[in-house]
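Participant: Once you've had a glance at the structure underneath, I'll fire off some questions.
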Amino acid sequence: MLKGKTILLGVSGSIAAYKTASLASALKKQGADVHVLMTRNAVHFINPITFESLTGNKCLVDTFDRNFEFNVEHVALAKRADVVMVAPASANVIGKIAHGIADDMLTTTVMACKCRKLISPAMNTNMFENPVVQDNLKILADYGWQVIRPAVGYLACGDTGAGKMPEPEVLLDYILQEAEYEKDMAGLSVLVTAGPTEEALDPVRYITNHSTGRMGYAIARVCARRGAEVTLVTGPTVLDPPRFTEVVRVKSAAEMFREVTGRAPLQDIIIKAAAVADYRPKQVSAEKIKKKEGEAGDLSVLELERTADILAYLGEHKRPGQFLCGFAMETENLLENARRKLQKKHLDMIAANSLRIDGAGFGGDTNVVTLITAEEEVSLGKMSKEETAAKMLDKILALRRQHRDTEGGENSLK
Ligand code: CTP
């Protein structure tokens, strides 16, 4: 959520301006105070009243509008801003900002902004690829602007190529990445696993479970928004991978084992939210297994063998100062089973959730988790998976701090 945050949206003359209306609305729904600044040309594409209705704030176009409450509005807004995003940014506005020209409300305001600045170019492919525009974008990047790469696709001019402004959800993600959380995980490397695994039986069939990956994806997303370097090792899911993370896709428990253990030594924190299969078929048939003629009843027996326990391996090979967190999904004796896993796998924390509790478990937007460590148990109550993730990370950071204080070990914890 963006409660208490001030977001400035700069809109310049491009047909993509209509998408910024959805972005303004989405930001408002996140609780942000949204102010829209438009160039004179932008007003030909979308009416300022649209933005005023969506944000509840006056849409600013002219630096010398006599109806302002105070005449240095652009400076006042620039001071309050947590993030400024120019979207869509025309070749003209990119050129002006890159060369310090401030001749309207948008360009004077961004000139006075000290906060994080993002720019989303939107124009015809030939214009975008023109070396002048590319050079100007490089200049902006050198001045600390984050340039959002335009999408490739069908453009309003009829051409197909790079130059399309990304969809509002994508731009919202960029703003949330900047402004939703304090960057209290900056400098930390975190590996998260998510989703189910698939254990092949033949080229057609596999054994899996109901995990959707949502909890793990939420953890990875929140870690990234808090500034961590995140690797997400994920089994097959239908979810969009969280932006600003390195995503490694796997299918089987054996592949997950390889990808996780290979990266583990470099991690400060490992959170294993994946529902890894405990068994896989002993034989994987190269061809589709056919029914036998005349077969009836339960004649077929599927032979299974154990998969390697990734978390147990990580617990055994944990390097000093590394924080290891597992999940326990249970249908009975939740806390006892979770406590046993905490000990057996040498974990620092385990997040216990029960399939029997309303609002917890596979799928769904919420979870009900109890965080268990050697010293304490904290029930988080029912909350969204994102909130659950944020609370888990608060706890992990607090435990790391506590550990550092008691051990006095700069060498053991970052
Ligand atoms: N896990 C793992 N590798 C496996 C199996 C599980 O890393 N082969 C991890 C999961 O990612 C999760 C935790 O271990 O963090 C779950 O512990 P586990 O004891 O395996 O739970 P269950 O699979 O539910 O086991 P059981 O059948 O004993 O309840």
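The values are calculated or read from the model by the stated rules, or taken from the named source; none is laboratory data. Note that the structure is a prediction, hence the values are computed from the model and not measured. Note: ideal-geometry Cβ built from the backbone for every residue, glycine included; neighbour counts use all protein chains shown.
Participant: Pick out the one residue from Leu2, Leu23, Leu37, Leu8 that is more than 29 Å from Val133 (Cα to Cα) and crowded, with 17+ Cβ neighbours inside 10 Å.
Facilitator: Leu2
Participant: Tell me the residue from Asn124, Asn71, Asn130 that is more than 21 Å from Leu171 (Cβ to Cβ) and at pLDDT below 95, please.
Facilitator: It is Asn71.
Participant: Just name the residue that is farthest from Arg116 (Cα to Cα) out of those in segment 151-182 that are touching a strand residue (DSSP E or B) at 6+ places or on another chain (Cβ under 6 Å) and of a type in the set (Val, Ile, Thr).
Facilitator: Looking at residues that are touching a strand residue (DSSP E or B) at 6+ places or on another chain (Cβ under 6 Å) and of a type in the set (Val, Ile, Thr), I get Thr160.
Participant: Answer yes if at least one residue in segment 226-236 is part of a loop (DSSP other than H, G, I, E, B), buried (at least 24 other Cβ atoms within 10 Å of the Cβ) and either away from the ligand (no atom under 13 Å from the Cβ) or not polar (S, T, N, Q) (or both), and no otherwise.
Facilitator: Within segment 226-236, one or more residues are part of a loop (DSSP other than H, G, I, E, B), buried (at least 24 other Cβ atoms within 10 Å of the Cβ) and either away from the ligand (no atom under 13 Å from the Cβ) or not polar (S, T, N, Q) (or both).
Participant: Please indicate, with yes or no, whether at least one residue in segment 253-262 is in contact with an Asp or Glu (Cβ under 7 Å, 6 or more places away or on another chain), surrounded by fewer than 20 Cβ atoms within 10 Å (Cβ to Cβ) and in contact (Cβ under 8 Å) with a residue 12 or more places away in the chain.
Facilitator: Within segment 253-262 (the criterion being in contact with an Asp or Glu (Cβ under 7 Å, 6 or more places away or on another chain), surrounded by fewer than 20 Cβ atoms within 10 Å (Cβ to Cβ) and in contact (Cβ under 8 Å) with a residue 12 or more places away in the chain), the answer is no, since none of the residues qualifies.
Participant: I've got another one for you. From the list Arg356, Arg249, which one is more than 8 Å from the ligand (Cβ to nearest atom), among the charged types (D, E, K, R) and either buried (at least 16 other Cβ atoms within 10 Å of the Cβ) or under 26 Å from the mean Cα position of the chain (by Cα) (or both)?
Facilitator: Unique residue meeting the criteria: Arg249.
Participant: Separate question: From (1) within 16 Å of the ligand (Cβ to nearest atom); (2) touching a helix residue (DSSP H, G or I) at 6+ places or on another chain (Cβ under 7 Å), pick out the condition that doesn't hold for Asp365.
Facilitator: Here Asp365 meets the rest and fails (1).
Participant: Could you check, for segment 176-186, whether at least one of its residues is touching a Pro at 6+ places or on another chain (Cβ under 9 Å), in a loop (DSSP other than H, G, I, E, B), at pLDDT 95 or above and hydrophobic (A, V, I, L, M, F, W, C)?
Facilitator: No.
Participant: Just to verify a result, which residue in segment 323-351, among those that are in contact with a Cys (Cβ under 7 Å, 6 or more places away or on another chain) and part of a loop (DSSP other than H, G, I, E, B), is farthest from the ligand (Cβ to nearest atom)?
Facilitator: My answer is Asp348.
Participant: OK, next. Select from segment 274-284 the residues that are within 15 Å of Cys325 (Cα to Cα) and among the small types (Gly, Ala, Ser) and write down the one among them that is farthest from the ligand (Cβ to nearest atom).
Facilitator: So the residue we want is Ala275.
Participant: If you don't mind, another one. Scan segment 308-317 and tell me whether some residue there is away from the ligand (no atom under 15 Å from the Cβ) and either in a loop (DSSP other than H, G, I, E, B) or among the hydroxyl-bearing types (Ser, Thr, Tyr) (or both).
Facilitator: no
Participant: Name the residue, out of Leu155, Leu171, Leu188, that is away from the ligand (no atom under 16 Å from the Cβ), surrounded by 20 or more Cβ atoms within 10 Å (Cβ to Cβ) and free of Cβ contacts under 8 Å to residues at least 40 places away in the same chain.
Facilitator: Of Leu155, Leu171, Leu188, the one residue that is away from the ligand (no atom under 16 Å from the Cβ), surrounded by 20 or more Cβ atoms within 10 Å (Cβ to Cβ) and free of Cβ contacts under 8 Å to residues at least 40 places away in the same chain is Leu155.
Participant: Can we say Ile101 is assigned to a loop (DSSP other than H, G, I, E, B), among the β-branched types (Val, Ile, Thr) and over 32 Å from the mean Cα position of the chain (by Cα)?
Facilitator: yes
Participant: If you don't mind, there's one more thing I want to ask. For segment 359-384, name all the residues that are closer than 21 Å to Leu399 by Cα and buried (at least 21 other Cβ atoms within 10 Å of the Cβ).
Facilitator: Residues satisfying the conditions are Val369, Leu371, Ile372.
Participant: So which residues in segment 306-354 are closer than 25 Å to Glu198 by Cβ, modelled with pLDDT under 95 and either of a type in the set (D, E, K, R) or in contact with a His (Cβ under 9 Å, 6 or more places away or on another chain) (or both)?
Facilitator: Matches in segment 306-354: Glu330 only.
Participant: Here is a follow-up. Evaluate segment 6-23: report whether one residue or more is touching a residue at least 12 places away in the same chain (Cβ under 8 Å), more than 22 Å from the chain's Cα centre (by Cα), within 25 Å of Val152 (Cα to Cα) and in a strand (DSSP E or B).
Facilitator: Yes; the residues of segment 6-23 include at least one that is touching a residue at least 12 places away in the same chain (Cβ under 8 Å), more than 22 Å from the chain's Cα centre (by Cα), within 25 Å of Val152 (Cα to Cα) and in a strand (DSSP E or B).
Participant: While we're here: Could you list, in sequence order, all residues of segment 252-273 that are within 12 Å of the ligand (Cβ to nearest atom) and among the aliphatic types (A, V, I, L, M)?
Facilitator: Ala253, Ala254, Met256, Val260, Ala264, Ile270, Ile271, Ala273
Condition check ((1) free of Cβ contacts under 8 Å to residues at least 60 places away in the same chain; (2) assigned to a loop (DSSP other than H, G, I, E, B); (3) of a type in the set (S, T, N, Q)) across all residues:
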{"position": "Asp358", "(1), (2), (3)": "yes, yes, no"}
{"position": "Gly363", "(1), (2), (3)": "no, yes, no"}
{"position": "Ser379", "(1), (2), (3)": "yes, no, yes"}
{"position": "Lys395", "(1), (2), (3)": "yes, no, no"}
{"position": "Arg400", "(1), (2), (3)": "no, no, no"}
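Participant: Still on this structure, please answer the following. Taking the condition of being free of Cβ contacts under 8 Å to residues at least 60 places away in the same chain and closer than 20 Å to Ala398 by Cβ, how many residues in segment 306-338 meet it?
Facilitator: 5
Participant: Looking only at residues in segment 288-305 that are loosely packed, with under 10 Cβ neighbours inside 10 Å and aliphatic (A, V, I, L, M), which one is modelled with the lowest pLDDT?
Facilitator: If we take residues in segment 288-305 being loosely packed, with under 10 Cβ neighbours inside 10 Å and aliphatic (A, V, I, L, M), then Leu299 is modelled with the lowest pLDDT.
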